[in-house]
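**Q** Please read through the structure below; I'll follow up with questions.
Every number in this text was worked out from the coordinates using simple rules, so none of it is lab data. In this text, all values refer to a predicted model and were calculated from it rather than measured experimentally. So basically every Cβ, Gly included, is an ideal-geometry build from the backbone, and we count neighbours across all protein chains shown.
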Amino acid sequence: MPDTTREGSRERDAADPLREFRDRFDIPDDYYVDGNSLGPISTDAERALDRVVEEWRTLGIRGWTDGDPPWFHYGEFLGERLAPLVGAREHEVVAANSTTVNIHTLVGTFLDRLDDPLILLDELNFPTDTYAVRAQLRNRGYDPDDHTVVVESEDGRTIDEAAVEAALTDDVDLVFLPSVLYRSGQLIDLEHVTAAAHAHDAFVGFDLAHSVGVVPHDLHELGVDFAVWCSYKYLNAGPGAIAGLYVHERHHERTPALAGWWGHEKETQFELRDTYTPAASAGAWQIGTVPILAAAPLEGSLDVVHEASIEAIREKSLALTDYLVTLVEDRLDDDFAVGTPRDPDRRGGHVAVEHPEAYRITEALSERGVVGDFRPPNVVRICPAPIYTGFEDVYDVVEALHDVATSRAYESVEPHDGSVT
């Protein structure tokens, strides 16, 4: 049983090898525990953005060739730096597009060679994943209801890999799942699912939005066919930042479903040929011109992640979430429950604290300088992002939860009406 006193949290902070990274971030609130939705700005991200703005100012169009690095290859440059975080080879990763666009182009690419396709999803997917998959089926003249298999959750929180395997038949052509469930924080066993999918000759892809930058991956060695992710959560690259994608090298001969000139082979791109020749790398899945101003902060934020190391980030993340779970169970009453797996191998970077009044509690916490977020129907998501959150921060967040609950301060908040908050 860990020391759950304030003094114990301070001792753990003093021994934390990542503690100094906090000074490189501007934290917008007293306790910002919403980094699984949007990470804060760092001096490193701001520096990279400022450099690109200055290159724009002084070089103009010459920035495409004379920038440092040249903007023309920026997506590939960032892809090379992202590759170690997802366990990929450099040419298998590129920074490009948005997450939803990447789902469309990659799912579409694999559908292009399938007749009468059947896609396996899960009912706890983030909605955009399902929207995109169903749209790609409709675009090919298929009824999505007839061409998807949806794995159901037994508890409304988690997905059992055994249930995924049971739903896999030789009729399934493509499996597309999240690496971490956005509500509960469950970490899916990518190795298990990949092996099961390939045993049925199905392709497999993952949405890594809630794991990239906080959980190491080994996509190439596992044989994962493709993956997508955003960079504004644990990678702290800013709102609307450029996304990323991975395609295993064995698929680089495929023609992307959404062809665009930025995915053309670089050597002849500016010959402006009528015939599309895709790059022989993940770079082929770029569509439009790389958005330099939305990409630059990722360069700086990756400096932080690499300096800290993804392994150290994961180690601290597990320690913080384990401490958070312990405090919730130790300090809060029975109206609270933890919806996130206790097993560290099954846990991503955030914790789902459940309560019937989760929305009003989240709002009341915000008034006390604690910024997490609410997910229907009953989850307060709390993310102690390890690069800028300490153990005493977690202690104080749980103290605030205790105060809001015992004082019933949340009762002054209007009930949730379904609107955007």
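**Q** In percent, what relative contact order does the chain have, based on Cα pairs under 8 Å that are 6 or more apart in sequence?
**A** Contact order relative to length: 22 percent.
**Q** Right, here's the next one. For the stretch 283-366, state the semi-axes of the equivalent ellipsoid (square roots of 5 times the eigenvalues of the alpha-carbon gyration tensor), sorted largest first and rounded to whole angstrom. Before the final figure, lay out the partial values.
**A** On the way: eigenvalues 240, 70, 32 Å².
Ellipsoid half-lengths, sorted descending, are 35, 19, 13 Å.
**Q** Take the Cα atoms of the stretch 47-306, find their three principal axes, and give me the spread along each one in whole Å, biggest first.
**A** 58, 41, 29
**Q** Here's a follow-up. Tell me which trypsin sites (Lys or Arg not before Pro) from the stretch 269-331 have a DSSP coil assignment and no more than 14 other beta carbons within 10 Å of their own.
**A** Values: sites: 273, 314, 316, 331; in loops: 273.
Here the trypsin sites (Lys or Arg not before Pro) that fit, given the DSSP loop and packing criteria, are 273.
**Q** Which residue fluctuates most in the GNM of the chain (Cα springs below 10 Å): 178, 297, 127?
**A** 127
**Q** Please state, to two decimals, what the Cα-based radius of gyration of the stretch 175-253 comes to when divided by 2.2 N^0.38 Å (N = residues).
**A** Dividing the Cα radius of gyration by 2.2 N^0.38 Å gives 1.10.
**Q** Let me make sure I get this right: for the stretch 313-421, a, b and c are the square roots of the gyration tensor eigenvalues over alpha carbons, sorted descending. Under 1.5 in a/c it's rounded, otherwise prolate if a/b > b/c, else oblate. Which is it?
**A** Working: a/c = 1.70, a/b = 1.61, b/c = 1.06.
Prolate, because a/c is 1.5 or more and a/b exceeds b/c.
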